[in-house]
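The next block holds one structure in the form of structure tokens; read it before the comments.
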Amino acid sequence: MDEKIRHIAVIGIGSGDPDQLTLEAVKAMRRTDVFFVLEKGPEKSALTRLRRNMIDEHASGAHRIVEAEDPWRDRARSEAGGYTEAVHDWRRRRADICERLIREELEPGRRGAFLVWGDPSLYDSTLAVLEDVTARGKVTFSYDVIPGISSVSALAARHRTGLNQVGRPIHITPGRRLAETVGNDDGDIVVMLDVHESFQHFATEGVWIYWGAYIGTPDEILISGPLEDVADEIRRVRAAARAEHGWIMDTYLLRLVSDEVSSAVSSAR
């Protein structure tokens, strides 16, 4: 590494279970001089503690942890139809913070790191934010990406199922776009961050759901079964969990199955 260039590692740390850290992630953490942690408020303080615990266990040598408050996102604007604009605005303000942290807290020739939940390449803004900071040209740095275990992979593993069926594709979508797939039987569907519980608008006959929340954390919840049988249970459990924790992150897999497959899976549960 050029001694005059700052370097950033974007490290995927899995969906919450400390044991999901890969050896590559651990090695990258041991090389890190400064860890950047964006706080998400008191409701999600448990996520910050998990990051700190990982750093305490795996970081080595002289290192620092620099914290900053993650900017709020205008969710009211998102709900009113301005989702894309709200996300771009949030990312721009996030880039302002990251630019300042890298410029002021990381000396040239040193290594910094962002610990990213799951995999940085799936449903995360860190890479887009760093690209924005790089394009501004106000601070020079290189960066690389260490993949992690995503909530999608962890969900399938926890339910002891594969994401794909033979010869069929997989669709990954946010919950707000699920309605667009109604009537599409070409493959299974992975749904992430479904604020509106959109699965209730999906045709239920012959559909199996594998649902999980807080995957990989001590608060993990798993429910699976025919959608028509477990949809109400998921809604009740989800509402109770959100009330208890103040937030919820959930992921689920919707699968079209034959009667024979449904019977076999039911017997195996």
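Points worth noting:
- This model, with +1 at the C-beta of Lys and Arg and -1 at the C-beta of Asp and Glu, gives the chain a dipole about its Cα centre of some 840 debye.
- Placing +1 on the Cβ of every Lys and Arg and -1 on the Cβ of every Asp and Glu, with nothing else charged, gives the range 6-149 a dipole about its Cα centre of roughly 320 debye.
- Of all the options Asp188, Asp89, Asp250, the one that moves most in a Gaussian network model of the chain with Cα springs shorter than 10 angstrom is Asp89.
- The coefficient of translational diffusion for the range 6-149, derived via Stokes-Einstein from the alpha carbon Kirkwood radius under 25 °C and 0.890 mPa s, stands at 157 µm²/s.
- Ranked Ile170, Ile102, criterion: other C-beta atoms within 10 Å, fewest first: Ile170, Ile102
- Ranked by how many other Cβ atoms sit within 10 Å of their own Cβ, fewest first, the residues Phe202, Phe35 fall in the order Phe202, Phe35.
- Ellipsoid semi-axes in whole angstrom, largest first, where each is sqrt(5λ) of the Cα gyration tensor of the chain: 37, 20, 17
- Selection from Ala213, Ile102, Tyr123 lying farthest towards where the dipole of the chain points positive, charges on Cβ: Ile102
- Exposure proxy ranking, count of Cβ atoms within 10 Å, fewest first, for Glu205, Glu105: Glu205, Glu105
- Lysine pairs in the chain whose alpha-carbon atoms fall under 27 angstrom of each other, counting only those eight or more residues apart or on distinct chains, come to 5.
- Helical mean residue ellipticity (222 nm; -39500 (n - 2.57) per DSSP H run of 4+; nearest 500) of the chain: -11000 deg cm²/dmol
- Of the peptides 143-154, 119-130, the order by per-residue mean of other Cβ atoms within 10 Å, starting with the highest, comes out as 143-154, 119-130.
- Nearest-20 debye value, the range 83-242 charge dipole, Cβ charges on Lys, Arg, Asp, Glu: 560
- Ranked packing of 235-246, 18-29, most packed first, by mean Cβ within 10 Å: 18-29, 235-246
Read-outs throughout are calculated quantities, based only on the coordinates presented, and are distinct from any laboratory measurement. Because the structure is a prediction, the values reported are computed rather than measured. Counting neighbours? That spans all protein chains shown, and the Cβs are built from the backbone with ideal geometry, glycine included.
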